[in-house]
Amino acid sequence: MHQTTAITVGGQSRPATSEDGLSALSTPVRSLYAHVPFCFHKCHYCDFYSFVDSQDRQPAFTDALISEIRTLARHARRASPGSARPPLDTVFVGGGTPSLLRPDLWHRLLAALNEAFDLSAPGLEFTVECNPETVTPELIATLRAGGVNRVSMGAQSFNTTHLKTLERWHDPENVPRALEIAAAGGIPRRSIDLIFAIPGQSLTDWETDLARGLSLCTPAGRGIGRSGGLEGSGGVEHISCYALTYEPNTAMTRRLARGEFAAAPDDLEARMYERTVELCAERGFGRYEVSNFAQPGAESRHNLAYWRQQQWLAAGPSASAHVAGWRWKNVPRLTDWMQGVERSGGYAPAADVEPPDPRRALAERLMMGVRIAEGLPGHEILAAAESLGARDTLRREAERQERKGLLRVSGGRWTLTDRGFLFADGVAAELMSVLQR
Amino acid sequence: MHIRNFSIIAHIDHGKSTLADRLLTSTNAVSEREAREQMLDSMDLERERGITIKASAVTVTHHHVPGSKLDQLESDVEATPGEAPAPAPAKPKKGKPAYDPRSELYMLNFIDTPGHVDFSYEVSRALTACEGAILVVDSTQGVEAQTVANAFMAMENNLTLIPVVNKIDLPSADPDRVAMEIEQVLGLPAEDCIYVSAKSGIGIPELLAAICDRLPAPRQPEVSQTRALIFDSHYDDYRGVVIYIRVFDGRLRVGEKIRMMGTGRTFQVTELGKYTPKPMKVESLGPGETGYLVANIKTLKDVRVGDTITLDTDPAPKPLPGYKEPRQMVFCDFYPTSGSAAKGNDFEELREAITKLSLNDASFTFVPVHSEALGFGFRCGFLGLLHMDIIQERLEREGGVEIIQTAPTVTYELEKTDGEVLQITNPAELPDGSVWKELREPIVRLDIMTPKEFIGDIMAMCGNRRGIYKGQTVVSESRQILEYEIPLAEIIYDFFDKLKSITRGYGTMDYHLLGFKADRLAKVDILVNGDPVEALSLICHRDNAEYRGRQLLVRLREEIPRHQFEIPLQAAIGGKIIARETIKSMRKNVTAKCYGGDVSRKRKLLEKQKEGKKRMKAIGSVEIPQEAFMAVLDQGE
Ligand SMILES: Nc1nc2c(ncn2[C@@H]2O[C@H](COP(=O)(O)OP(=O)(O)O)[C@@H](O)[C@H]2O)c(=O)[nH]1
Ligand code: SF4
Ligand SMILES: [Mg+2]
């Protein structure tokens, strides 16, 4: 499915690797994403690269990941002279189910990571995605010792019927339990993911689910990093609420096509979203991105780096990177990725490689930046558009979106209105279209 | 040398082309291998010079022993290589027998006819150039509607018919039954049928003998002056217009000045020739002969199929009988796909493509139009629906333009209260109802051939569509022909598809224009968000107006995507609303998840979302996709 991209250098065509983008790195990069592809069951809505590993490939995977991380650090070091170990501000280990990686392998991985990068920056955000079933005090202790200070728990729903529809296997009662283990083990920042607009879910069902999620919150005023909350000590400071999306090539989409169930009606989904914003606000969780809500100061800095079009490094199969204007994705197939990394001494075969292009970069900036509450820096955006000869058309388009009541342009930052958040794709598409030739 | 001019006529897929190919390879001593090479030759020619060779009439020679029922195939007789087409017997060579010494040489001219009812005018012209026709009927299918229509047309032109029952190699062939059908429906004796397989060659010797023996020789000249009938023409980028002619009286020679008797225009003949099927130049064409003529004619508009050519120096007093203008029956608009008012160049591209195509096909008409909804485009007239499809396809394929097509309509005749009669080819042109005296629509005679068990359903469908039952003919025990008079408007769009589905594919139909008749017709306007969209308006019977209006609104509701506001849809007659629907407002358009790994894919999706919008037409603040303009075609049942 994912072919490596062919790259032509000096008339010779060869498969692209992460080295092509990494060699262009010239300014300090402060974020790293690592992908762990193992899950113990494939959820039906999931389009992440993840699979059930029947052959115990975890050790070999960890070795390859470490090798890739070392290579990344070498490039990062060149771009931040003067530091033996290049410092990172955010690390995010996603998946898959990273908490499925065995504690001994985690131990090796974290040791290598700390050896390669400097993780002592004040305000470091180091997140690991966890499945509530797999969180143990032992795992948490290992993570904590390696610098992890944030967990993101895949709760999805507290309703067993809806979890069943999603083919998501966990006991909802394990969510608070896992959060408490994390809190007790010294992980100060905790987040949960929820899904709404599940087939068969009513507005009330969703409100109940969300209320349950919010009831896990850190009491207002206790600040970040404090444990405590209404349900024991495992409070959360951050909630992601996603409308169920039918991604191509997922079981959920096939079941929908087969007519096994009907997708939630548009109006219901919109209503659920509006209620989400209201209920979160009532509990002190502000919307800082379309689907992300946090107590003040608890926003995910790693994800903000994506939305702000910053650079990040990527390790692991299917992980995508953004470095020096290049974008690429490591090949997803575990064996392809491992063999590539082994053979080249730490470089992953790359797919979907996009070399720097100012027009594309600005389009992506608009698309990602419009999604966050802080919005886009208007002057900077217009300056970038200027060099593409699109300053006036872009300004006019932004003003048109303002007249439609979707965007606020005044005050230097372009931010979506409440209504605009419901039409973020339309706004982005219109803004981006002025850049198309 | 004897001459025989004939056409092959058949219902579609009964094997006309296959039989024509088989006759070519069986005559002229052209081997299958050579036939292929010839094809290659002409393809190369086309490629090199960018010209299209359309052989509308092919001349071959054949040896026949008069009275013999079974001819040698030329392909079984040894010919001298390089001499073909050899007008004289070739020397015998090793292996193959020589020509029978009693044989005489025949020049056979096949004249190709367009197969479809849309082109019946052209078919009738081509038939006028012949004395005979081979009527091909598929032995696994039997007589079909177009078999009947074409056979009757040939009979009206006093042609001698040779009925041929084809595909007898197939296990499901039932040639005797089909021969009986031919006798029953067309009155051609069953024993006159020749059973063949155009594919395997069975029966071809008998057929060639019958062509020579049964078909009459060309008639004797009637006047001393030269008269030749134009039965087809095509445009060739290299030589200009190539005209296909049949000489009836006198002779045409290269270098002579000719006059078209209908248009009065004169031209100098630069080339005469025949396709054998390779083009072969000749110095002159005499009575009874068929061939092509090139005379430095720049556009097809200067040539009318059916016109008579005479010599400028010694013109004939009267043209050959029966010239009629081809009549456009179906009209629709073509607009460039992305032709918003802002983008004038798409329109220019379309204009160029249409102009170029009109050099090739003089039977469609076009005039520029402007529609508020769709911008600048052309109102085009066609001989029929198939003709419309062909033109659209050729414009897109050869002209490289993408077209949005509006619903086809027929021509209406409006008689106003002041006595003036207007030809209305576009519902948008209809004046206000207050000045109407009578609105008339074209009525056709429709013949439907069907297995008996479907008659009830077909009658119901024709009844629903204002058809008047005229009669019924028994074809065979199991099949009948139903005869109706029905408004053309009722059958131009989906009638044939519906007929096919009712009859599980077995029903066939044919129609021809009878005239115009008044009925209680009304113009239904469609309003989108309060704005009338004339490209969606339609003319229909008053009794059907609510139904058709509502039907259309329901389809529009499906086709027009939700907007950020609610969109009322209304159907109205003269300002009175007769149906309404609402498109609910879109509630959201936002992807829930968008992280680092999704950037490229998401960007492409959004760009596509916007691309898709480009192919929509903005009416006020409503974006209407092009498919919606086709919704008006769906008449529902
Ligand atoms: N088996 C068989 N198939 C035939 C014969 N003649 C024509 N066909 C097939 O019938 C189909 C239609 O033939 P074609 O010559 O294109 O029909 P046209 O539409 O009348 O020109 C083609 O697939 C031919 O190969 C025949 O004698 N025997
Ligand atoms: S746990 Fe996450 S990554 Fe694994 S299958 Fe489920 S949704 Fe996909
Ligand atoms: Mg054919």
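The simple spin-label model puts a point 7 Å past each Cα toward its Cβ; for B:ALA217 and B:LEU73 those points are separated by 2.9 nm.
Per-residue mean of foreign Cβ neighbours for A:419-429 is 6 (Cβ atoms of other chains, 10 Å radius).
Among B:HIS14, A:HIS322, a tally of other beta-carbon atoms within 10 Å of each Cβ gives an order, fewest to most, of A:HIS322, B:HIS14. Per-residue Karplus couplings for region A:65-82, computed as 6.51 cos²θ - 1.76 cosθ + 1.60 with θ equal to phi - 60°, are listed in order as 4, 5, 4, 5, 4, 4, 5, 4, 5, 4, 5, 5, 5, 4, 8, 10, x, x Hz, Gly and Pro entered as x. The calculated pair-distance distribution of chain A uses every alpha carbon pair, bins of 20 angstrom beginning at 0, and gives 24, 59, 17, 0 percent. Cβ crowding within 10 Å ranks A:LEU431, B:LEU300 as B:LEU300, A:LEU431, fewest other Cβ atoms first.
Provide the FRET efficiency to the nearest 0.05 for the A:HIS41-A:ASP357 pair, computing r from the beta carbons and using R0 = 25 Å.
Working: r = 40 Å, r/R0 = 1.60.
Here the calculated transfer efficiency is 0.05.
Would you calculate the separation in nanometres between label points at B:ARG562 and B:SER434, each defined as 7 Å from the Cα along the Cα-to-beta-carbon direction? With each label placed 7 Å out from Cα toward Cβ, I get 4.3 nm. Over every Cα atom in region A:242-294, the radius of gyration and the widest Cα-Cα span, Dmax, amount to 14.1, 41 Å. Placing dummy labels 7 Å off each Cα toward the beta-carbon, the span from B:LEU514 to B:LEU605 is 5.8 nm. For A:SER318, the residues 5 or more places off, or on other chains, whose built amide H falls under 5 Å of its own are A:ASN330, A:VAL331.
If you wrap region B:368-491 in the convex hull of its Cα atoms and look at it from every side, the mean projected area works out to 10.9 nm².
For GluC sites (Glu not before Pro), the sites in region B:557-602 that DSSP calls loop and that have at most 16 other Cβ atoms within 10 Å are B:GLU566.
Within a 10 angstrom radius of each residue's Cβ in B:581-590, how many Cβ atoms of other chains show up on average? Whole number is fine. Numbers along the way, then the final one.
On the way: counts 0, 0, 0, 2, 2, 6, 11, 15, 10, 17.
Partner Cβ neighbours, averaged per residue: 6.
For region A:62-120, count all C-alpha to C-alpha pairs, find those more than 18 Å apart, and express that count as a whole percent of the total.
35
Compute the length gained on full extension between B:ARG504 and B:ILE468: take 0.36 nm times their separation in residues and subtract their Cα-Cα distance, giving the result in nm to one decimal. Working shown, then result.
Numbers: separation 36, 0.36 × 36 = 12.96 nm, distance 2.37 nm.
So the extension gain works out to 10.6 nm.
The stretch between B:SER476 and B:ARG394, if pulled fully straight at 0.36 nm per residue, gains 25.5 nm over its current Cα-Cα span. Taking amide H as placed 1.01 Å from N in the peptide plane, the amide H of B:ILE404 sits under 5 Å from that of B:TYR335, B:THR337, each at least 5 places away or on another chain.
How large is Rg over Rh for the protein assembly as shown, taking Rg from the Cα atoms and Rh as the Kirkwood inverse mean of 1/r across Cα pairs? Can you show the working numbers first?
Working: Rg = 39.0 Å, Rh = 35.4 Å.
For the protein assembly as shown, the value is 1.10.
Given in Å, the Rg to one decimal and the Dmax to the nearest whole number for the Cα atoms of region A:8-80 are 16.4, 46.
Taking 0.36 nm per intervening residue step and subtracting the Cα-Cα distance, what contour gain separates A:SER215 from A:ARG408 on full extension?
Values: separation 193, 0.36 × 193 = 69.48 nm, distance 3.29 nm.
Net length gain for the segment: 66.2 nm.
Diagonalising the gyration tensor over the Cα atoms of region A:129-177 and scaling each eigenvalue by 5 before taking the square root yields semi-axes of 25, 9, 8 Å, largest first. Once you divide the Cα radius of gyration of region B:483-523 by 2.2 N^0.38 Å, the number left is 1.37. The Rg/Rh ratio for chain B, using Cα coordinates for both the radius of gyration and the Kirkwood hydrodynamic radius, is 1.02. Between their Cα atoms, which of B:LYS257/B:LYS278; B:LYS167/B:LYS470; A:LYS329/B:LYS593 are more than 24 Å away from each other? Among B:LYS257/B:LYS278; B:LYS167/B:LYS470; A:LYS329/B:LYS593, the Cα-Cα distance tops 24 Å for B:LYS257/B:LYS278; B:LYS167/B:LYS470. What you get for region B:206-298, charging only the Cβ of Lys and Arg (+1) and of Asp and Glu (-1), is a dipole of about 300 debye around the Cα centre. Our coupling estimate for region B:467-483, obtained by passing each phi through the Karplus curve with A = 6.51, B = -1.76, C = 1.60 and θ = phi - 60°, is x, 10, 5, 10, x, 8, 10, 7, 8, 7, 3, 9, 10, 9, 10, 9, 10 Hz, Gly and Pro reported as x. A convex hull fitted to the Cα coordinates of region A:50-91 yields 84 cubic angstrom per residue.
Between helix B:385-398 and chain B there is an angle of about 90 degrees, using the helix long axis and the longest principal axis of the Cα atoms. For chain A, the relative contact order works out to 17 percent when only alpha carbon pairs closer than 8 Å and six or more residues apart are counted.
Which semi-axis lengths, in whole Å and largest first, follow from the square roots of five times the eigenvalues of the Cα gyration tensor of region A:2-161?
Values: eigenvalues 168, 98, 40 Å².
Computed over region A:2-161, the values are 29, 22, 14 Å.
Computing FRET efficiency as 1/(1 + (r/R0)^6) for A:ASP266 and B:THR299, where r is the C-beta to C-beta distance and R0 is 45 Å, gives about 0.25.
Ranking B:ASP525, A:ASP63 by Cβ neighbours within 10 Å, fewest first, what do you get? Don't skip to the answer; put the middle values down first.
Values: B:ASP525 22, A:ASP63 17.
Exposure proxy ranking, most exposed first: A:ASP63, B:ASP525.
Less than 18 Å from a label point 7 Å out along the Cα-to-Cβ axis of A:ALA121: which backbone N atoms in region A:323-350 qualify, by residue? In region A:323-350, the label zone of A:ALA121 (backbone N under 18 Å from the point 7 Å along Cα→Cβ) covers A:323-325.
The H on the amide N of B:ILE134, modeled in the peptide plane, is under 5 Å from the matching H of B:SER7, B:ILE8, B:ILE9, B:ILE162, each at least 5 residues off or on a different chain.
For the Cα atoms of chain B, what angle does the longest principal axis make with the long axis of helix B:344-360, in degrees from 0 to 90, nearest 10? Approximately 20 degrees, to the nearest 10. When only Cα pairs below 8 angstrom with a gap of at least 6 residues are kept, region A:75-149 shows a relative contact order of 41 percent. Of the trypsin sites (Lys or Arg not before Pro) found in region B:168-242, those in coil by DSSP whose Cβ has at most 12 other Cβ atoms within 10 Å are B:ARG219. Be a star and scan region A:415-437 for residues whose amide nitrogen sits under 19 Å from the point 7 Å along the Cα-to-Cβ vector of A:ARG395. Answer for region A:415-437: A:415, A:431-436.
Rounded to 0.05, the FRET efficiency of the B:GLU483 and A:TYR246 pair, given R0 = 51 Å and the Cβ-Cβ distance, is 0.45. Helix B:16-26 versus the longest principal axis of chain B: what angle, 0 to 90°, nearest 10, using Cα atoms? The angle comes out near 30 degrees.
Coordinate-derived values only; no laboratory data. This one's a predicted model, so the numbers in the text were calculated from it and none came from an experiment. Cβ sites come from the backbone with ideal geometry, for glycine too, and all protein chains shown count toward neighbours.
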